[in-house]
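So the structure is just underneath, and the comments pick up after that.
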Amino acid sequence: MAAETGSKVQAVLYASGPLDCSVSVTPDEGVTWFGQSLTALDRPVEYAKLEFLTPELGFAAVGTQHSPGGGEEKYAFFTHNGGQSWTAFGALPHFGTSHILSGFSMTPNGTAFLTLATGPEENWPLLYCSADGGASWQTAELPWDDCALAYLNHLSRAEQRPEGFYVLLTQLPYSGGNAAFFAPTAQGPWSYAGDAIPDA
């Protein structure tokens, strides 16, 4: 999985599991590479994402499949120096349960958002946010009744604007619907904002 900033490929995340999850970064468009091991994984990978918001600030997230009796694993990391070193977020919510990681995003100020899958009888995922590097996670209460879509599967992206925060959830890969939500702060209150994040 490659991450790009502008037209440059900056990093590649290796996370096929069960194996060592690592990131390799190039500062010069592939002429030289340096890598770092992030974590060991005991189960096959279900979700992985790598993104650079600026040439210096980036994040990586990986979540495994659930195994009966064994739970699952989920981890996230961030870098402030272009991938030369990576720092782990604090423990992600519901580690080792059936709530597998289904989405992760971060904004330039370091606020992180993630979604966790719920059971097949549920229409929507669990959404959490953290403004302190994962030391604490708060549940984001979204107004699902204001949204006409069910079975929103995961968080596609989060954006920070002067007026507050937007998150975009999607039905992919099962269907093509999207739903955007807005809040003046990451802690809420959240309101339904339509099927897309408005243009800045």
Next item on the list: Would you calculate the separation in nanometres between label points at T118 and F95, each defined as 7 Å from the Cα along the Cα-to-beta-carbon direction?
Entry: 2.4 nm
Note to self: Probe of 1.4 angstrom, ligands and nucleic acids ignored: what's the accessible area per residue over the chain, in square angstrom?
What the structure shows: 46 Å²
Note to self: Defining a contact as two alpha carbons under 8 Å apart and six or more residues distant in sequence, what relative contact order in percent does the range 70-191 show?
What the structure shows: 19 percent
Checklist line | Distance between the range 68-104 and the range 24-43 - C-alpha centres, whole angstrom | finding: 17 Å
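State the percent of C-alpha pairs, over all pairs in the range 134-193, separated by a distance greater than 20 angstrom.
Here the tail beyond 20 Å accounts for 25 percent of pairs.
Between beta-carbons, use under 15 Å as the cut-off and find the net charge around Y128, counting Lys and Arg +1, Asp and Glu -1.
Numbers: positive: K74; negative: D132, E141.
Every neighbour counted, the sum reads -1.
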Notebook entry, point to check: Between W33 and Y174, 0.36 nm times their residue separation minus their Cα-Cα distance comes to what?
Noted result: 47.1 nm
Next item on the list: Mind listing the long-range amide H neighbours of C21? Cut-off is under 5 Å, sequence gap 5 or more, other chains count too, H placed in the peptide plane at 1.01 Å from N.
Entry: L38, T39, A40, L41
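For the chain, which whole percent of the accessible surface, found with a 1.4 angstrom probe, sits on carbon and sulfur atoms?
On the way: 4810 of 9240 Å².
Reported share for carbon and sulfur atoms: 52 percent.
Just subtract the alpha-carbon distance of D20 and E56 from 0.36 nm times their residue separation and send over the number in nm, one decimal.
Details: separation 36, 0.36 × 36 = 12.96 nm, distance 2.40 nm.
Here the answer is 10.6 nm.
Just to be sure I understand: if I project the alpha-carbon convex hull of the range 80-187 onto a plane and average over all orientations, what area do I get in nm²? It would help to have the intermediate numbers written out before the result.
Numbers: hull surface 30.6 nm².
Result: a mean projected hull area of 7.7 nm².
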Notebook entry, point to check: Across the range 154-168, in residue order, what do the Karplus-derived ³J(HN,Hα) couplings come to in whole Hz, using 6.51 cos²θ - 1.76 cosθ + 1.60 with θ = phi - 60° and x for Gly and Pro?
Noted result: 7, 6, 7, 6, 10, 9, 9, 10, x, 7, x, 10, 10, 10, 10
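Mind checking the range 40-137 for GluC sites (Glu not before Pro) that DSSP puts in a loop (not H, G, I, E or B) and that have at most 11 other Cβ atoms within 10 Å?
When the GluC sites (Glu not before Pro) of the range 40-137 are filtered for loop state and at most 11 Cβ neighbours within 10 Å, E121, E122 remain.
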Notebook entry, point to check: Short version: ³J(HN,Hα) in whole Hz for each residue of the range 185-200, in order, from phi by Karplus 6.51 cos²θ - 1.76 cosθ + 1.60 (θ = phi - 60°), x for Gly and Pro, what are they?
Noted result: 9, 5, 7, x, x, 9, 9, 6, 10, x, 9, 7, 6, x, 4, 5
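The values are calculated or read from the model by the stated rules, or taken from the named source; none is laboratory data. All values derive from a computational prediction rather than experimental measurement. Counting neighbours? That spans all protein chains shown, and the Cβs are built from the backbone with ideal geometry, glycine included. Areas reflect the complete protein model, heavy atoms only, side chains present, ligands, DNA and RNA absent. Shrake-Rupley method; radii C 1.70, N 1.55, O 1.52, S 1.80 Å.
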